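**Student:** Pasting a structure below so you can have a look.
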Amino acid sequence: MLSTVVSKSWPKWGCNLGVLGRAWAQPLPNPNCLVVNPNPNPKRKEARRYSTRVRPKLQISYGRSIQTPQLLHSDSSSFNMSFKSYPPSILHEITTGDGFGITCKQWIPDGEKKPYPAFLINGYVHDVYCLPTEPRDMVRTLLDEGYETWLLQPRLHPANPSNDFTMDDIGKYDIPSAIAKVCELHGPSVKIHVIAHCAGGLSIHMALMGGHISPVNIASLSCTNSSMYFKLTKLNLIKLTLPLIHISMAILGKDTILPLIENSKESYRQWILKSITRLIPRYERCTYDECTVVAGVFGNPYWHENITPTLHHWLNRQAQVTLPMSGLRQIAKIGSTGHIVDATGKEVYLTHPERIPLPTLYLSGGRSIVATPETSLLAHQYMKLHHPGFHHKRVVVDGFGHSDVLLGEESYKKVFPHIISHMKFVEQGLVADSNAKN
């Protein structure tokens, strides 16, 4: 097992209590003041009515400190968004077992190709693998290493948003259907390297431990800030003690897909919910309204200092246009329990360790912001206990939080090598086993 040091530095809890509209660059003069537009419209009056009921509870739970905004990009036109040409991909349209339409992107590397494709599963929010603004994202890295690369776009992806789904649906239908497509092109005996992040890591464990996919087709499993366990920071655990998810879903009503892009068309219910999310405490404030809303729902997904301003702009203004909220009901149950359970809260996954006989890598950020390193520690211990005959590795990378382990400007040299080396180590064993059989 790799010996690593977990960062012990915890930031002060930040609380964005000051904005119902856009949070721009000026720190608020008084932490106890609620700053509103000087020319309120009826919607804002309604939001203030909600805030007077919600805000006191939040202040009691989290305190009243307000951090200085982390990004001061008031002039978005200064960004040069003419990206370097991205490697061409093939888009596969797939109909799942329950009749839902999802998509999957496929990249084929130039030159010699490795025999084991890589299969990527994003988290709940943000694409963390395919980043047009970055010269060294995960997709480019895998292609440079000779791996054919697949990227799942399930029913929570902005390209295929579902109005009513659970995380079980992704594990039961989306992942099996996409892997079946890979097997269709490569043959039923193909072995795939799975790389999954956050909710994607939860879903792949549901797919495996729920018996929906066979481990025979999985060469290795690498998960970042996720596993069959999901241990959250104290800030996020406190949020789960409040009925925020139930209130959010009640406010949204039948339309549970939340538009994120500023000035996008939104219903009155959606507007009220977004206004409330801006009141939710978080570690860091941001001048981008889209980032503020996402942080209100999930907590900050990354430490801003770790990602480039250009990537931050692309993530918030172009990539994540909508947020399907329906799956958050189950995410809340998983977060409260600390490990994967089904949508009703039943223990149907961890009771089947025999279904996941795989070599694994569990990687955590050492500067916790959403999930803590206990997520990877418990998973590593679980796999060593139940499958000691396989190679298992755990890594904690200091200085990174949650999604910035993959989005970070320096992820290509501090994080990606752990994943690539794990894949190559497993391949050596697969080749040795194949030679022994022959």
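Read-outs throughout are calculated quantities, based only on the coordinates presented, and are distinct from any laboratory measurement. These numbers come from a predicted model, not from an experiment. Cβ atoms come from the backbone with ideal geometry, glycine included; neighbour counts cover every protein chain shown.
**Student:** So which trypsin sites (Lys or Arg not before Pro) in the range 261-321 are both in a DSSP loop and have at most 14 other Cβ atoms within 10 Å of their Cβ?
**Tutor:** Sites meeting the loop and neighbour criteria: Lys265.
**Student:** Quick one: what do you get for the range 258-370 if you divide its Cα Rg by 2.2 N^0.38 Å?
**Tutor:** 1.29
**Student:** Let me ask something else about it. Using alpha carbon centroids, what distance separates the range 148-204 and the range 281-357, in Å?
**Tutor:** Between the Cα centre of the range 148-204 and that of the range 281-357, the gap is 17 Å.
**Student:** Quick one: if you stick a label point 7 Å off each Cα along the C-beta vector at Tyr268 and Asp164, how many nm between them?
**Tutor:** 2.4 nm
**Student:** Using a 7 Å offset from the Cα along the Cα-to-Cβ direction at both Lys413 and Lys113, what is the distance between the two label points in nm, to one decimal?
**Tutor:** With each label placed 7 Å out from Cα toward Cβ, I get 3.2 nm.
**Student:** Follow-up. Given 5 Å bins starting at zero, what is the percent of C-alpha pairs of the range 83-235 in each, up to the one with the largest pair distance?
**Tutor:** Bin by bin from 0 Å, the calculated values are 2, 9, 19, 24, 21, 14, 7, 3, 1, 0.
**Student:** So if we plug the beta-carbon distance of Glu347 and Glu93 into 1/(1 + (r/R0)^6) with R0 = 22 Å, what FRET efficiency do we get, rounded to 0.05?
**Tutor:** In this case the efficiency is close to 0.05.
**Student:** Give the Cα extents of the range 322-428 along the principal axes, in whole Å, largest first.
**Tutor:** Rounded to whole Å, the extents work out to 40, 38, 23 Å.
**Student:** Give the residue list of GluC sites (Glu not before Pro) in the range 293-402 that are DSSP loop and have at most 15 other beta-carbon atoms within 10 angstrom.
**Tutor:** Here the GluC sites (Glu not before Pro) that fit, given the DSSP loop and packing criteria, are Glu347.
**Student:** Going through the range 93-174, which trypsin sites (Lys or Arg not before Pro) have at most 13 other Cβ atoms within 10 Å and a DSSP loop state?
**Tutor:** Those that pass, being in a loop and sparsely packed, are Lys113.
**Student:** Within 10 Å, Cβ to Cβ, of Leu142, how many net charges do the neighbouring residues add up to if Lys/Arg are +1 and Asp/Glu are -1?
**Tutor:** Charge balance in the 10 Å sphere: -2.
**Student:** Hey, what's the per residue convex hull volume over the C-alpha atoms of the range 192-323, in cubic angstrom?
**Tutor:** Hull volume normalised by residue count: 147 Å³.
**Student:** Put +1 on the Cβ of every Lys and Arg and -1 on every Asp and Glu Cβ in the range 389-438; which of Ser411, Val426, Val396 then has its Cα farthest towards the positive end of the dipole?
**Tutor:** Positive-most Cα among the choices belongs to Val426.
**Student:** While we're here: Enumerate the aspartates and glutamates that Lys384 could reach by cross-link, defined here as Cα to Cα under 17 Å, with residues fewer than 8 away along the same chain left out.
**Tutor:** Within the straight-line cut-off, Lys384 pairs with Glu354, Glu374.
**Student:** Mind checking which of Gly210, Cys198, Leu151 is farthest towards the positive end of the range 93-223's charge dipole, using Cβ charges of +1 (Lys, Arg) and -1 (Asp, Glu) about the Cα centre?
**Tutor:** After comparing all options, I get Gly210.
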